[in-house]
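The values are calculated or read from the model by the stated rules, or taken from the named source; none is laboratory data. Note that the structure is predicted; figures quoted are calculated from it, not measured. Because the Cβ atoms are built from the backbone with ideal geometry, glycine has one as well, and the counts that use them run over all protein chains shown.
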Amino acid sequence: MSKKCIGLIVNPIAGMGGLVGLKGTDGKEILEKALSLGAKPVAPGRAETFLSHLKDLIDGEIDLLVGAGWMGEFEAQKAGFECSVMGQRKERTTARDTKEISEKMLESKVSLLVFCGGDGTARDILDVIGLRLPALGVPSGVKMHSAVFAATPEGAARVVSRFLLEGLPLRETEVMDVDEEAFREGRLSAKLYGYMLVPYEPELIQGIKETSLSTEDELYNQAAIALCFIEKIMEPETVYILGPGTTTRAIAALLNERKTLLGVDLLLNGKIIRHDVREADILEAIKSKRAKIVVTPIGGQGFIFGRGNQQISPRVIRSVGPENIIVIATKHKIRGLSCLRVDTGDPELDQMLRGYMRVIVDYGEECLIPVK
């Protein structure tokens, strides 16, 4: 039986805005700003993790076709893969490079096109392949609202292996169009962009992000959770790292403080002391202080770390301590989740966080949820 061929395209700048609080790197100006703030490449490391796990699963069973340079070639070499290369090595790559290599891979009739990036990369590839070629995303962006991504790079390797060796079925899944400029301004503007054919493995593929409800019951539930936090949990002289979301925002609202909806803020003694912070800001603020992390899972996906809050990095989580993580979520949101998920980029930390976690779902009411 002849070997099957998979294509791999890495967007080397995807995810660079996360640690520095830029919520994406679409556009030359934003990339330059991210670099000026000390942002480092994320996607190459995520691609290497994916490839190293794939090699363990199906070494010798596939031919690998990759983008040139940092668009897949270098990562494949580091993982020990022999590969064929498409495109030209470039110091800086653009969406045009992604599309041109996608076109070449479509013509080469690869069995599956794997891409390492975020929603923007998914849209660029969809523009070329449509529903003519199965695809799968290795999550490497800041905002990943689309349902075409595996939950983790390790999970992506398992999906690819099962698709090629066992014949997983394909399913049309959503690619979302997220306005990154609005996202950076604290407004979530997302609409359906199109559909990709993705191997169907619901345990390993993330769902589409669900928007928050604004019903009276939901707002009342958020207020009850916030009141419980303020009256029963909040301690003096403790820095609370508040993740994004409407439920965490309700805490600030009850304290008559303004919370950044899509960013990470710092709360101390009932006052927001820093808005929309970067990883470096958090580490500086919690130095020699007690600190706790307050997060709410992403609706429909369940992620508490690794999607839209990369500022709360492995360094931050380790500094605070996993025992000082507080998870809050409304009953409606929890009913839509089978588990919580973590994808920090640090496999050892992810494993430490897995198991079960208490989630505050109402005033004085908690539930125990598995973390995967």
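Quick notes
- Listed here are the strands (runs of 3 or more DSSP E) enclosed by the range 149-262 that have at least 3 residues being in the same structural domain as Gly45 (by TED's automatic domain parsing) and over 17 Å from the mean Cα position of the chain (by Cα): 170-178, 190-199.
- Residues of the range 327-348 satisfying the condition of being more than 25 Å from Ile251 (Cβ to Cβ) and in contact (Cβ under 8 Å) with a residue 12 or more places away in the chain: Ser338, Gly345, Asp346, Pro347
- In the range 107-128, of all residues being in a helix (DSSP H, G or I), among the β-branched types (Val, Ile, Thr) and crowded, with 22+ Cβ neighbours inside 10 Å, the one that is modelled with the highest pLDDT corresponds to Ile125.
- So Lys104, is it surrounded by fewer than 24 Cβ atoms within 10 Å (Cβ to Cβ) and either of a type in the set (Val, Ile, Thr) or assigned to a loop (DSSP other than H, G, I, E, B) (or both): no
- Complete set of residues in the range 220-254 that are within 20 Å of Arg307 (Cα to Cα) and polar (S, T, N, Q): Thr246, Thr247, Thr248
- All of (1) over 18 Å from Pro199 (Cα atoms); (2) surrounded by fewer than 17 Cβ atoms within 10 Å (Cβ to Cβ); (3) hydrophobic (A, V, I, L, M, F, W, C) hold for Leu131 with one exception: (1).
- Subset of the range 208-225 [closer than 30 Å to Val178 by Cα, aliphatic (A, V, I, L, M), modelled with pLDDT of 95 or more and in contact with a strand residue (DSSP E or B) (Cβ under 8 Å, 6 or more places away or on another chain)]: Ile225
- Residues of the range 183-201 satisfying the condition of being at pLDDT 90 or above and not hydroxyl-bearing (Ser, Thr, Tyr): Leu192, Gly194, Met196, Leu197, Val198, Pro199, Glu201
- Condition broken by Gly263, with the remaining ones in (1) modelled with pLDDT of 95 or more; (2) more than 26 Å from Cys367 (Cβ to Cβ); (3) not β-branched (Val, Ile, Thr) satisfied: (1)
- Some residue of the range 340-354 being among the hydrophobic types (A, V, I, L, M, F, W, C), surrounded by 23 or more Cβ atoms within 10 Å (Cβ to Cβ) and within 19 Å of the chain's Cα centre (by Cα): yes
- Within the range 250-260, tally of residues that are free of Cβ contacts under 8 Å to residues at least 40 places away in the same chain and in contact with a strand residue (DSSP E or B) (Cβ under 8 Å, 6 or more places away or on another chain): 5
- Here is the figure for the range 278-296: residues that are within 27 Å of Leu337 (Cβ to Cβ) and in contact (Cβ under 8 Å) with a residue 60 or more places away in the chain total 2.
- Meets criteria (part of a strand (DSSP E or B), in contact (Cβ under 8 Å) with a residue 12 or more places away in the chain, within 16 Å of the chain's Cα centre (by Cα) and buried (at least 17 other Cβ atoms within 10 Å of the Cβ)) for Arg307: no
- Restricting the range 227-244 to residues that are in contact with a strand residue (DSSP E or B) (Cβ under 8 Å, 6 or more places away or on another chain) and crowded, with 18+ Cβ neighbours inside 10 Å, the residue that is farthest from Leu283 (Cα to Cα): Cys228
- Condition met for Ser338 (of a type in the set (Ser, Thr, Tyr) and modelled with pLDDT of 95 or more): no
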